[in-house]
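Participant: One structure is given below, represented as structure tokens, and several questions about it will come after.
The values are calculated or read from the model by the stated rules, or taken from the named source; none is laboratory data. Just so it is clear, the model here is predicted, and its values are computed rather than measured. Ideal geometry is used to build each Cβ from the backbone, glycine not excepted, and the neighbour counts take in all protein chains shown.
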């Protein structure tokens with residue numbers, strides 16, 4: 001099974017005196033170019049963090065289940 005890489009951008013530190021270094025679209029493009037998953041959140045909002053973490057776990061479990069099902073299917077000869 002291949003490993004999935006997640007690029008998570010935390011916007012909690014972004015402020016008027018600390019602007020973004022790269023835009024959301026720029027980060028999304030980098031993630032897409034490398035085949036990574038991307039999520040943007042603010043660690044100031046716990047619900048954002050929790051939601052992203054749950055999505056990652058749900059996705060991982062689904063991949064593992066698909067791989068497990070594929071192993072159980074008899075190979076044609």
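Participant: Can you name the residue in the stretch 4-28 that is assigned to a helix (DSSP H, G or I) and in contact with a strand residue (DSSP E or B) (Cβ under 9 Å, 6 or more places away or on another chain) and, of all such residues, is surrounded by the fewest Cβ atoms within 10 Å (Cβ to Cβ)?
Facilitator: 24
Participant: Run down 62, 67, 39 and say which single residue is surrounded by 13 or more Cβ atoms within 10 Å (Cβ to Cβ) and at pLDDT 85 or above.
Facilitator: Numbers: 62 fails: surrounded by 13 or more Cβ atoms within 10 Å (Cβ to Cβ); 67 fails: surrounded by 13 or more Cβ atoms within 10 Å (Cβ to Cβ).
Selected residue: 39, the only one of 62, 67, 39 that is surrounded by 13 or more Cβ atoms within 10 Å (Cβ to Cβ) and at pLDDT 85 or above.
Participant: Exactly one of (1) loosely packed, with under 11 Cβ neighbours inside 10 Å; (2) without any contact (Cβ under 8 Å) to a residue 12 or more places away in the chain; (3) closer than 24 Å to residue 3 by Cα is unmet by residue 34. Its number?
Facilitator: Condition (2) is where residue 34 drops out.
Participant: Also: For the stretch 54-62, indicate whether the set of residues that are touching a strand residue (DSSP E or B) at 6+ places or on another chain (Cβ under 8 Å), within 15 Å of residue 9 (Cβ to Cβ) and in a helix (DSSP H, G or I) is non-empty.
Facilitator: Yes, the stretch 54-62 contains at least one residue that is touching a strand residue (DSSP E or B) at 6+ places or on another chain (Cβ under 8 Å), within 15 Å of residue 9 (Cβ to Cβ) and in a helix (DSSP H, G or I).
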